[in-house]
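What follows draws every value from the coordinates through simple rules; no lab data is involved. Quantities reported herein were computed from a predicted structural model and do not represent experimental measurements. Every residue, glycine as well, gets a Cβ built from its backbone with ideal geometry; the counts of neighbours run over all protein chains shown.
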Amino acid sequence: MSVPALGTILCAVDASDHATAVAYAGAGLAHHPDSRLVVLRVDPRAGRGEGPALAAQSALNELVLAAVPGSLGYAGRTEILVRAGSAARVIVATARECGASLIVMGSRGRGRLGRALFGSTSARVLERSPIPVAVVPPTDPEIVSVYGVGGVPRFGLIVVPVDLRSDPQAQVQYASLLVQGSSHRLALLHVLGRGRSEEAALARLQTLARSLGGRRRVRILLQKGDPAAAIARVVDHDDVGLVVLGRDGRAPGSVAAALLRRATAVVLLVP
């Protein structure tokens, strides 16, 4: 099994304890030889003169070296940037500048009662980004094990919750890309709305499964109730490392926001 080629991955980290796990996840997803990793920290010191800027750069360099086993193996394929400015704007602008195809970032961490907090920077990036964004929760799931000479994906079951009132093809195809060359499984999940036909939903999900080529066995799951709670139940019950959501025009959408506050899996939103 190997990590698929995902192009240039922008990994945005902050100064929290969670940054190490986010950098590790970004490096793992960028481990294919045809991928490139750009690690970015938005730090006000970068705009305060040469001395503070060098200190900020040195701190980020140390984080990357500590977070990524075998990081020297990325020579020539990793860039480490520190920039000043509004965090969400800088992240989206840097992704555009470096031609990134995926942004990896963290949620904000956990509050006093142990509940996940979804930060405003993450929400604004999800609102503005024209490319997929993967949000690593504070449970720090290891979706790719990184070694000096390779990366081994550990996605487990990839759950793809689909809203059948819209076109989920981009979301489904991105999930399919992630499992190329591996034995990882996909599950198409739909949460039935009140009064909706279970038979019609099942037929539509089967059509989506067939669109993936038929060589991969795709699980089909139908749930009822609150969508975020239903998705979370599946994540908690199965070995789910990754949830691939479609993103609507809101920031990031009520279902996505609710799921991101409680998820133990990486949540990847596809525009």
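From the square roots a ≥ b ≥ c of the eigenvalues of the alpha-carbon gyration tensor of the chain, which class results: rounded (a/c under 1.5), prolate (a/b over b/c), or oblate? Judged from the Cα gyration tensor, the chain comes out prolate (a/c at least 1.5, a/b above b/c). Looking at the chain, the DSSP beta bridges with both ends there are about 20 percent antiparallel. Electrostatic bookkeeping for Ala88 treats Lys and Arg as +1 and Asp and Glu as -1; over the other residues with beta carbon under 11 Å from its beta carbon, the sum is +2. From its DSSP helices (H runs of at least four residues, each -39,500 (n - 2.57)), the chain gives a residue-normalised ellipticity at 222 nm of -10500 deg cm²/dmol. By the beta-carbon count within 10 Å of each Cβ, the least crowded to most crowded order of Ser35, Ser166, fewest first, is Ser166, Ser35.
Each of Tyr24, Tyr174, Tyr147 has some number of other Cβ atoms within 10 Å of its Cβ, and from fewest to most they run Tyr147, Tyr174, Tyr24. Within the chain, helices built from complete DSSP H runs that reach 20 Å or longer along their own axis (Cα positions) and carry a mean Kyte-Doolittle hydropathy of -0.5 or higher are 50-67.
Shown is the FRET efficiency for Arg210 and Glu97, computed with R0 = 30 Å from the Cβ-Cβ distance and rounded to the nearest 0.05: 0.15. As a rough footprinting exposure proxy, the listed residues Cys98, Cys11 were ranked by other beta carbons within 10 Å of their own, and the order from fewest upward is Cys98, Cys11. Taking 8 Å as the Cα distance limit and 6 or more residues as the minimum spacing, I'd like the relative contact order of the chain as a percentage. That works out to 21 percent.
Stokes-Einstein diffusion of the stretch 155-270 at 4 °C, 1.567 mPa s viscosity, Kirkwood radius from Cα pairs, rounded to a whole number: 91 µm²/s. Please give me the summed charge of the neighbours of Arg196: other residues whose Cβ is under 15 Å from its Cβ, Lys and Arg +1, Asp and Glu -1. Net local charge, Arg196 excluded: 0. Highest GNM mean-square fluctuation among Gly28, Gly99, Gly213, for the chain modelled with Cα contacts below 10 Å: Gly213.
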